[in-house]
1. For the range 98-126, give me each residue that is farther than 23 Å from Arg153 by Cβ and without any contact (Cβ under 8 Å) to a residue 24 or more places away in the chain.
2. Of the residues in the range 18-29, how many are at pLDDT 90 or above and either surrounded by fewer than 20 Cβ atoms within 10 Å (Cβ to Cβ) or farther than 18 Å from Gln64 by Cβ (or both)?
3. Within the range 127-144, which residues are under 27 Å from Pro13 (Cβ atoms) and modelled with pLDDT under 95?
4. Pull up the range 106-153, narrow it to residues that are basic (Lys, Arg) and more than 12 Å from the chain's Cα centre (by Cα), then point me to the one that is nearest to Phe34 (Cα to Cα).
5. Are there any pairs, at least 6 apart or on different chains, whose C-beta atoms fall under 6 Å, with the first in the range 39-55 and at pLDDT below 65 and the second open to solvent by 20 Å² or more (accessible area, probe 1.4 Å), and if so, which?
6. Has the range 80-92 got any residue that is at pLDDT 85 or above, touching a Gly at 6+ places or on another chain (Cβ under 6 Å), under 24 Å from Ala143 (Cβ atoms) and hydrophobic (A, V, I, L, M, F, W, C)?
7. Here are Ser145, Ser106, Ser136: which of them is over 19 Å from Ile43 (Cβ atoms) and crowded, with 17+ Cβ neighbours inside 10 Å?
8. Can you list residue pairs whose Cβ atoms sit under 7 Å apart, with the first residue in the range 127-156 being touching a residue at least 24 places away in the same chain (Cβ under 8 Å) and the second being of a type in the set (Asp, Glu) and surrounded by 13 or more Cβ atoms within 10 Å (Cβ to Cβ)? Count only pairs 6 or more apart in sequence or on different chains.
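The values are calculated or read from the model by the stated rules, or taken from the named source; none is laboratory data. Quick caveat: nothing in here was measured; it's all calculated off a predicted structure. Every residue, glycine as well, gets a Cβ built from its backbone with ideal geometry; the counts of neighbours run over all protein chains shown. Keep in mind that these areas ignore ligands, DNA and RNA; they rest on the heavy atoms of the full protein, side chains included. Shrake-Rupley method; radii C 1.70, N 1.55, O 1.52, S 1.80 Å.
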Amino acid sequence: MPTQIFLTKLRSPQPQAILVLGGGTGRERFALEFAQKHPNLPIWVSGGSPSERQVLIQADIDSQRVHLDNRATDTVTNFTTTVNALLENNIHHVYLITSDFHMRRSRAIATVVFGSRGIIVTPVSVSSGQPREETSRVLRDVARSFLWVFSGRTGASLNPRLTQQAQFSIRDLI
């Protein structure tokens, strides 16, 4: 995996997309401002509630750029459900936008899940004022990430919300 990450950095030194982890309208609002500074990058939003998506609908951003995916049930599945879509779009380097307290765990998961498929992240933290997540949560989700790499399962399939898988574009909401 380290070799693959190194080669990806050489091949794709600049981020090719923006990945926003749902979990609060603050992240989406920040991502919209960030996206306006990077007008050529597609935006992928993993997870999030309908009220969070409303922020994107009301934004003055080309709907062709925005890809909403509500299949994720937790942080590990934010990555495992989007990895193939990113690869299908030849995206190997993304800006990762999430809250500052959540970034350490998100980067650890991304290193395992995305790194195993040749995708790297450049972190962009949204200030939250919350304390950093506990190390035990990071270790648990890194273990789940390795489980996914080797078995294709994260343990999240026990969550009934996962059976309502749907990937859609912002155009479907308008």
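1. Met103
2. Residues of the range 18-29 that are at pLDDT 90 or above, as a first pass: 18-21.
With either surrounded by fewer than 20 Cβ atoms within 10 Å (Cβ to Cβ) or farther than 18 Å from Gln64 by Cβ (or both) added as a condition, the list becomes 21.
Total meeting the criteria: 1.
3. Ser127, the sole residue that qualifies.
4. Going residue by residue through the range 106-153, those that are basic (Lys, Arg) are 107, 117, 132, 137, 140, 144, 153.
If we keep only those that are more than 12 Å from the chain's Cα centre (by Cα) as well, we get 117, 132, 137, 140, 144, 153.
Values: Arg117: 26, Arg132: 23, Arg137: 28, Arg140: 31, Arg144: 30, Arg153: 33 Å.
The qualifying residue nearest to Phe34 (Cα to Cα) is Arg132.
5. Close Cβ pairs (under 6 Å, with a partner that is open to solvent by 20 Å² or more (accessible area, probe 1.4 Å)) amount to Glu52/Thr25.
6. Within the range 80-92 (the criterion being at pLDDT 85 or above, touching a Gly at 6+ places or on another chain (Cβ under 6 Å), under 24 Å from Ala143 (Cβ atoms) and hydrophobic (A, V, I, L, M, F, W, C)), the answer is no, since none of the residues qualifies.
7. Working: Ser106 fails: over 19 Å from Ile43 (Cβ atoms); Ser136 fails: crowded, with 17+ Cβ neighbours inside 10 Å.
Step by step, each of Ser145, Ser106, Ser136 is checked, and only Ser145 is over 19 Å from Ile43 (Cβ atoms) and crowded, with 17+ Cβ neighbours inside 10 Å.
8. Ser127/Asp100; Ser128/Asp100; Ala156/Asp74
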